[in-house]
Amino acid sequence: MKNKKKFSLFISSFIMILIIFTPYLLYIHRSIPSEVLEYKTYFGTIKAGGYLDVQIFIYIIFEKATPLLLLILWFLTNKNWWVHALVIPITVYLFQFISAINSNEDTFAENEFIYTIPIALIILLILYYLRSKLSLYIQAIDLKKEMDEKMSFPKE
């Protein structure tokens, strides 16, 4: 039991630190010199592609990756029934992230909305169905509580 609590504390602390420092990813582009078309890193060479320079490319990548990471963390750590509604913004940011990597500035953020509509409709239908089933369950629990209260305090 003690090891389980330590592991839970470690994971919770890691998630907290990740959430705190994630917004600073938006400032990584400032460490790259402006007007550079190729930038060499330890992981390889980053090319500007269709963008004006690497600094703009990195900014756009992390502009999409930061909320995507935070939404995924929220989805993974939330225990409420409505957590599946987060799939819709996650898919939108995922499509934007992929289009930012694969396309140039002219076609950026044009088509991902069209691709997310079918996914969003399917998710909304599933959520509506689940909510209708949950509302029946919630009404049954409320009715049971009301009956228990009336049974425990009989009228005189």
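Structure data summary
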| read-out | value |
| --- | --- |
| Matching residues, region 1-36, being in contact with a strand residue (DSSP E or B) (Cβ under 9 Å, 6 or more places away or on another chain) and open to solvent by 60 Å² or more (accessible area, probe 1.4 Å) | P33 |
| Test: residue in region 76-95 that is crowded, with 18+ Cβ neighbours inside 10 Å, closer than 20 Å to I122 by Cβ and aromatic (F, W, Y) | yes |
| Hits in region 40-75 (condition: open to solvent by 70 Å² or more (accessible area, probe 1.4 Å) and assigned to a helix (DSSP H, G or I)) | Y59, W74 |
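The values are calculated or read from the model by the stated rules, or taken from the named source; none is laboratory data. Everything numeric in this text was worked out from a predicted model, so none of it was measured. We place every Cβ from the backbone using ideal geometry, glycine too, and count neighbours over all the protein chains shown. The accessibility values were calculated without ligands, DNA or RNA, using every heavy atom of the protein model including side chains. Shrake-Rupley method; radii C 1.70, N 1.55, O 1.52, S 1.80 Å.
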